[in-house]
Amino acid sequence: MFNWTIIGGGIQGAVMASFLTDSGVEPAQIAVIDPNEEPLANWKHCTSKIGMDYLRSPFVHHLAQSPFSLDSYAKKEEFVKPFFGRRKRPLLQMFNAHSDTVLTDRGLNQSWIKSRVSGIRKVRNHWQLRLSDGRLIDSRHVVAAIGLGEQPYWPEWAKEIRSDSPSAVAHVFDRDLDTDSIKGPVTIVGGGITAAHLAVKLAGQEPGNVTLLKRHPFRIHEFDSDSGWMGPKNMSRFQKVNDLAKRRRIIRQARHRGSIPQELHMNLLHLERSGRLKINHGDITHAAQTSDGLITLYGDNNVLHQTRTVILATGFIQEAPGMNWLEPLIKDHKLKCAECGYPVVSESLEWCDHLYLMGGLAELELGPTARNISGARRGAGRIVQHAL
């Protein structure tokens, strides 16, 4: 019997585990269930794949409960250029090293269980989780900290090309996509931060053979929602809104979807001027592939672009994650969900007795930053304050 079980070992789950141990919970009483080999494996894989150098979030957003832990770590380890800009955005390499240190120092590696949750049910006064390998895990408290990472969005035209030629089109977050070995001509579809980082990386590998194709002008924002959402400035008003449909509208309007920070924008323009990157504009409606493998991308009846390989940086399906194993629980316990399909949780993020939600699953309570490191810290803080 565990005291706490965390479903998901990404940023959200790692923050939760760290906050628990910092609040006195022994790592032997914590289980972290995740299909990867180690904590933050998917985070490291994805950020490395797109060539990210610095995080978008400021230096106070990390795994440890103390907000200045990363700043102290940077001074002690003497990283070269550990932060970028006035917000002190951390070097990814340093952030990852600090994260590993936080988890190792707290003994949380022993809490790791490599598997997937396939079901959950209440057994007397505790929860029982069924894993994909048949094991059963009993726990007094459960925190679901899963994200949208396994729900990549594929436009219909891309699905059709993939069905005929699987190697011609891929999503940037396909697990087996190796961006280090891609040869041009290649086209990246998307205009957000993932597409921009990948364009910079590939333009360095295949200069002149990379095209960034986006459907809207660049959206320049420092963060993916205004900084007021990281604290009480905007959140205090959000908490006073009782209409869940209105909360959903506020979240959608507050998020700067498909946006990039200013310095990344300038980098793209520099690459374009130097001829290493092409930037095209257009909304793809359909595509066709010739017998020699050339892909033609169309906007209505106009040819937008021709390429050999397409990489989608089109984000994720916005449906609530984990519903394949949460739906029976919702039915059995009559748990509340909003019209958008996302759970309705309490201020402490409790959805049912001793069952808590974090990340996107709790965004109707946590607001627009729920999926970010900022939201992970806020969510873990609320759970710890309520339960311990």
Go through segment 76-130 and give me each residue that's open to solvent by 80 Å² or more (accessible area, probe 1.4 Å) and either of a type in the set (Lys, Arg) or touching a Leu at 6+ places or on another chain (Cβ under 6 Å) (or both). 76, 81, 86, 114, 116, 121, 124, 130
Among the candidates 47, 5, which residue alone is within 28 Å of residue 261 (Cα to Cα), among the β-branched types (Val, Ile, Thr), in contact (Cβ under 8 Å) with a residue 24 or more places away in the chain and outside any loop (DSSP other than H, G, I, E, B)? 47
Residue list for segment 201-227, filter: under 11 Å from residue 278 (Cα atoms) and part of a helix (DSSP H, G or I): 203
Checking residue 290 against (1) more than 30 Å from residue 319 (Cβ to Cβ); (2) open to solvent by less than 30 Å² (accessible area, probe 1.4 Å); (3) modelled with pLDDT under 95, which test does it fail? (2)
Considering only segment 8-38, state which residues are of a type outside the set (Val, Ile, Thr), part of a loop (DSSP other than H, G, I, E, B) and open to solvent by less than 20 Å² (accessible area, probe 1.4 Å). 8, 9
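Per-residue answers, yes or no, for (1) under 27 Å from residue 158 (Cβ atoms); (2) surrounded by 19 or more Cβ atoms within 10 Å (Cβ to Cβ); (3) of a type in the set (A, V, I, L, M, F, W, C):
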site	(1), (2), (3)
219	yes, no, no
226	no, no, no
229	no, yes, yes
244	no, no, yes
252	yes, no, no
257	yes, no, no
Would you check which residues across segment 290-334 are part of a loop (DSSP other than H, G, I, E, B) and free of Cβ contacts under 8 Å to residues at least 60 places away in the same chain and list them? 290, 291, 292, 294, 300, 301, 320, 334
Counting only residues that are under 24 Å from the mean Cα position of the chain (by Cα) and farther than 25 Å from residue 325 by Cβ, give me the strands (runs of 3 or more DSSP E) lying completely in segment 128-195 with at least 1 of them. 169-171, 186-189
All but one of (1) more than 30 Å from residue 337 (Cα to Cα); (2) in contact (Cβ under 8 Å) with a residue 24 or more places away in the chain; (3) open to solvent by 60 Å² or more (accessible area, probe 1.4 Å) hold for residue 194, so report the exception by its number. (3)
Residues to consider are 32, 25; find the one that is closer than 22 Å to residue 357 by Cβ and over 22 Å from the mean Cα position of the chain (by Cα). 25
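A quick yes/no check of all residues on (1) among the polar types (S, T, N, Q); (2) open to solvent by less than 60 Å² (accessible area, probe 1.4 Å):
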| position | (1), (2) |
| --- | --- |
| 309 | yes, yes |
| 315 | no, yes |
| 318 | yes, no |
| 324 | yes, no |
| 343 | no, yes |
| 356 | no, yes |
| 359 | no, yes |
| 381 | no, yes |
Check off (1) of a type in the set (A, V, I, L, M, F, W, C); (2) open to solvent by 20 Å² or more (accessible area, probe 1.4 Å); (3) within 22 Å of residue 360 (Cα to Cα) for residue 142 and give me the number that stays unchecked. (2)
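The values are calculated or read from the model by the stated rules, or taken from the named source; none is laboratory data. These numbers come from a predicted model, not from an experiment. Every residue, glycine as well, gets a Cβ built from its backbone with ideal geometry; the counts of neighbours run over all protein chains shown. Protein only, heavy atoms only, side chains kept; ligands, DNA and RNA dropped before computing areas. Shrake-Rupley method; radii C 1.70, N 1.55, O 1.52, S 1.80 Å.
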